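Visitor: Please read through the structure below; I'll follow up with questions.
Read-outs: derived from the displayed coordinates by stated rules, not from any lab. For clarity, every value in this text was computed on a predicted model and none was experimentally measured. Every residue, glycine as well, gets a Cβ built from its backbone with ideal geometry; the counts of neighbours run over all protein chains shown.
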Amino acid sequence: MDTIAQQLFREERTVTNSTDNQRGTPACTPHLDLIQARKTVLMIELSAGQIEAAMKDSNSSVEVLTDAFTTMAGYMRMINDTIAALPDNGELSGTKTNLLCATENVSGMVRKAIIAFQFYDKLVQRLSHVNHSLASLSGLINDSSRINSSYEWAALQEKIRSKYSMREEIEMFDAVLGGMSVKDALEKFMTQMKDHPDDIELF
């Protein structure tokens with residue numbers, strides 16, 4: 001079965017090969033529809049690129065925070081070990097218990113912050129994949145020698161699929177190609193992520 005892009009390209013060639021009197025065609029013709037599709041893809045690609053660029057610009061700040069919280073985690077372990085070495089009896093027993101409780105709470109907050117920073121890094125990577133995929137799609141749509149090739153479209157799909165590193169992401173991609181709606185596929189993916197979160201390195 002022809003893809004939408006292939007159908008549009010075939011219709012575009014039909015219009016291009018018609019008489020010159022039809023050059024003043026309205027914006028609803030197939031030829032102009034394909035032109036608008038190309039422009040729309042470029043606009044989406046630009047928007048994704050802007051988001052990716054903005055997040056990359058903030059990477060330096062996130063890296064500083066990640067390093068700071070990682071260092072804090074090390075100091076908290078040292079403080080906790082020092083407190084744990086204090087005697088359990090005497091006047092300091094109650095203070096020791098309170099301090100251990102406080103350091104455990106702070107250590108837990110630091111771990112959560114580090115995890116959040118790592119998820120941010122994954123988000124930047126995924127946005128980068130989206131941007132590259134849109135760039136590849138734009139290149140294919142704008143190349144009249146490739147747009148009508150089913151091989152080129154299959155290669156593009158495989159290229160996009162190869163960007164996914166998680167099993168759940170690949171399953172989501174395959175489900176959409178198999179006919180599942182994007183909304184349902186995303187909902188299933190998010191449910192799987194809640195049940196089986198990514199492996200995050202704890203410090």
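Visitor: Which ³J(HN,Hα) values in Hz, rounded to whole numbers, follow from the phi angles of region 116-124 under the Karplus curve 6.51 cos²θ - 1.76 cosθ + 1.60, where θ = phi - 60° and Gly and Pro get x?
Guide: Taking θ as phi minus 60°, the curve returns 4, 5, 5, 5, 4, 4, 5, 4, 4 Hz for region 116-124.
Visitor: Among the lysines, select those whose C-alpha is under 30 Å from the C-alpha of K194, and discard any that sit fewer than 8 residues away in the same chain.
Guide: Cross-link targets: K56, K112, K122, K159, K163, K183.
Visitor: Whole angstrom only: what separates the Cα centroid of region 101-170 from the Cα centroid of region 58-72?
Guide: 22 Å
Visitor: With a sphere of radius 14 Å drawn around the Cβ of V41, what net charge do the other residues whose Cβ falls strictly inside it have (Lys, Arg +1; Asp, Glu -1)? Spell out each step's value before the answer.
Guide: On the way: positive: R38, K39; negative: D33, E45, D143.
Value of the local net charge: -1.
Visitor: Could I ask something else about it? Which residue, chosen from S149, S107, Y120, occupies the Cα position most advanced towards the positive end of the dipole of region 99-173, where the dipole is computed from +1 (Lys, Arg) and -1 (Asp, Glu) charges on Cβ about the Cα centre?
Guide: Result: S107, furthest along the dipole toward the positive end.
Visitor: Hey, another quick one. With a sphere of radius 12 Å drawn around the Cβ of A185, what net charge do the other residues whose Cβ falls strictly inside it have (Lys, Arg +1; Asp, Glu -1)?
Guide: -4
Visitor: Shifting gears a bit: With each pseudo-label sitting 7 Å past Cα toward Cβ, what's the D81-I44 distance in nm, one decimal?
Guide: Rounded to a tenth, the inter-label distance reads 5.3 nm.
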